1. Does Asp249 meet the test of being among the acidic types (Asp, Glu), crowded, with 16+ Cβ neighbours inside 10 Å and modelled with pLDDT of 90 or more?
2. Within the range 254-261, is even one residue of a type outside the set (Gly, Ala, Ser) and touching a Pro at 6+ places or on another chain (Cβ under 8 Å)?
3. Would you say Ser107 is buried (at least 23 other Cβ atoms within 10 Å of the Cβ) and under 13 Å from Ile10 (Cα atoms)?
4. Kindly indicate whether Thr212 is assigned to a loop (DSSP other than H, G, I, E, B) and either in contact (Cβ under 8 Å) with a residue 40 or more places away in the chain or in contact with a Lys or Arg (Cβ under 7 Å, 6 or more places away or on another chain) (or both).
5. Which one of Ser182, Ser88 is under 18 Å from the mean Cα position of the chain (by Cα), in the same structural domain as Gln293 (by TED's automatic domain parsing) and modelled with pLDDT of 95 or more?
6. Would you please name the residue that is nearest to the chain's Cα centre (by Cα), looking only at residues in the range 121-178 that are aliphatic (A, V, I, L, M) and closer than 22 Å to Val32 by Cα?
7. Could you tell me whether Gly278 is among the small types (Gly, Ala, Ser), closer than 25 Å to Thr291 by Cβ and either at pLDDT 90 or above or loosely packed, with under 13 Cβ neighbours inside 10 Å (or both)?
8. Can you confirm whether the range 91-104 contains a residue that is under 23 Å from His221 (Cβ atoms) and in contact (Cβ under 8 Å) with a residue 60 or more places away in the chain?
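The values are calculated or read from the model by the stated rules, or taken from the named source; none is laboratory data. Keep in mind the model is a prediction, meaning the values are calculated, not measured. Note that we place each Cβ from the backbone using ideal geometry, even for glycine, and neighbour counts take in every protein chain shown.
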Amino acid sequence: MIPRELLRKIRQIEIRTNRLVSESVSGAYHSVFKGQGMNFDEVREYQPGDDVRAIDWNVTARMNHPFIKKFVEERELTVMLVVDLSGSGLFGSGEQSKRELAAEIASVLAFSAIRNNDKVGLVLFSDAVEKFIPPRKGRRHVLRVIREILFFEPKQHGTNLPGALHFVSQVLPHKSVVVMLSDFLEARSPVRFGSQSGSRAPLPAVDPLAITTQIALRQMHRRHDLVAVQITDRYELEMPALGRLILKDAETGEVVEVQTGNARQRAAFAEQQMLFQGSLRKAFRTIGIDTIQLQTDQPYAAVLGKFFETREKRRRRR
């Protein structure tokens, strides 16, 4: 039996996201996520302006009048939501944690999918794949997906992006839409805010993604339509001036002391994070992955709208 307060939280997410799905996202989703191909629908008489390449010469010969084949898009897609449940997802400096925002974005995409008669599946991962829900349709299924993202208790606390991507490639036999929701902070990242109270101290700048992660992303991108949704918090990008803090990394358990009252340290931290985020965006572009970058303290509707608009413009140019 699900406690009443948990049901209320799930229902609140459904209400908040439904309007956005109804007014804008569902139609945009249909435009930018295309089916596997085209299915034959019917034969009809040729009309001026029709593509001559579509003429059905067999029927045309029998009827002594040009006819064309009409095709419709094979619409049904599978959308696999791959959600990072590592310890750093619990952090949130405002009303929402990164994990809660991930659940809300997953809700928008999942409801858009089922409105377009597509299937939705879920993979939850940390150091290992924690839970797999096979793709299905329907509102009740989507509500279950939201519930699992919000309230599933992972056994591990770390992050294994390549392992999650490898699992997804094994359970998806056909080309699908794969949406990975994560902060993309691995062990080598320059900062990880892992709990409600803190972070890891700044480290020297490094490549944003491990080589194994880059390889896994490339392989997934070749086989599927991969979208990376990066979720961050403002205090992962800029250090608040709160004086001396004792902070614990929720993924590794490491405890550090940070003096946040030093303006020079805060400036260096912000610069380091800016470089890291820029390097991460460049890595995604190099691989060819579409990305959506969101923050827990900022509205996401406009960001999603811009993503769909940009993707639609690119599709039309092809």
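1. On the way: among the acidic types (Asp, Glu): yes; crowded, with 16+ Cβ neighbours inside 10 Å: yes; modelled with pLDDT of 90 or more: no.
Judged against the criteria, Asp249 is not a match.
2. Let us first name the residues in the range 254-261 that are of a type outside the set (Gly, Ala, Ser), namely 254-260.
Narrowing further to those that are touching a Pro at 6+ places or on another chain (Cβ under 8 Å): 260.
Looking through the range 254-261, at least one residue is of a type outside the set (Gly, Ala, Ser) and touching a Pro at 6+ places or on another chain (Cβ under 8 Å).
3. Yes, satisfied.
4. When the stated conditions are applied, Thr212 does not pass them.
5. Ser182
6. Here the answer is Val178.
7. Yes, satisfied.
8. As a first pass, look at the range 91-104 and keep what is under 23 Å from His221 (Cβ atoms): 102.
Add one more test, that the residue is in contact (Cβ under 8 Å) with a residue 60 or more places away in the chain, and what stays is 102.
Yes, the range 91-104 contains at least one residue that is under 23 Å from His221 (Cβ atoms) and in contact (Cβ under 8 Å) with a residue 60 or more places away in the chain.
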